[in-house]
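What follows draws every value from the coordinates through simple rules; no lab data is involved. What you are looking at is a predicted structure, and each value in this text was computed from that prediction instead of being measured. Here Cβ is always computed from backbone atoms with ideal geometry, including for glycine, and neighbour counts include all displayed protein chains.
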Amino acid sequence: MGRYPTVASKLEILEFIASKETATLGDLVNQFGYTAGAAAVRLCRLEHQRLIEKMWASKEGYCLTSRAYERLESLRRSRGKTYSQLLNEIDDLRRQLAEKESENQGLKNENIRLKTELSQIKSQYY
């Protein structure tokens, strides 16, 4: 039974290469579980998109291009906005929850008052 490769996003691969400064085909195989062929295809696509380039000192190593660093920075900024939007949404949901809990407590108090009133009315007639 063979092992199935992880499907890593372009962003994940670029961030991985950025974290190491240079990466080889073997690094992608080890990190993401790709076969050598699948890793070669991913690297070829990234190279074709001018996001990575071969290191001159090492025929096997790849590094990010300035274009890739710009793309990563842009993605990180947009991800940061999304993150702050999520935090705002969480705060809104917390406020809504507090309001609902307050309404719920008010209904509980009203229920107790009505039960007490009903009990008093029953005691007058029985």
Other residues with Cβ under 11 Å from the Cβ of Ser19 give, with Lys and Arg +1 and Asp and Glu -1, a net charge of -3
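Going by the alpha-carbon gyration tensor, a ≥ b ≥ c the square roots of its eigenvalues, is the stretch 1-64 rounded (a/c under 1.5) or, if a/c is not under 1.5, prolate (a/b greater than b/c) versus oblate? Numbers along the way, then the final one.
Details: a/c = 1.76, a/b = 1.59, b/c = 1.10.
Verdict is prolate for the stretch 1-64.
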Fewest-first ranking of Ile17, Ile90, using other Cβ atoms within 10 Å as the exposure measure = Ile90, Ile17
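Let me know the charge dipole size of the stretch 1-64 about its Cα centre in debye, to the nearest 20, where only the beta-carbon of Lys, Arg (+1) and Asp, Glu (-1) is charged.
Details: 8 positive and 7 negative charges, 37 e Å.
Its charge dipole is roughly 180 debye.
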Out of Glu47, Glu73, Glu99, any idea which swings most in a Gaussian network model of the chain, alpha carbons joined below 10 Å?
-> Glu99
Among Asn104, Asn88, Asn30, determine the one that fluctuates most according to a GNM of the chain built with springs between C-alpha atoms less than 10 Å apart.
-> Asn104
Considering amide H positions built from the backbone, and no H for Pro or chain starts, which residues 5 or more places from Thr65, or on another chain, come under 5 Å of its amide H?
-> Ile52, Glu53
Starting from the Cα of Lys20, step 7 Å along the direction of its Cβ; do the same at Tyr126; then give the gap between the two resulting points in nm.
-> 7.9 nm
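Quick one: what do you get for the chain if you divide its Cα Rg by 2.2 N^0.38 Å? Present the calculation step by step, with values, prior to reporting the outcome.
Working: Rg = 29.8 Å, N = 126, 2.2 N^0.38 = 13.8 Å.
Compactness ratio reported: 2.15.
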Residue among Arg67, Arg45, Arg113 with the largest mean-square fluctuation in a Gaussian network model of the chain, springs linking Cα atoms under 10 Å | Arg113
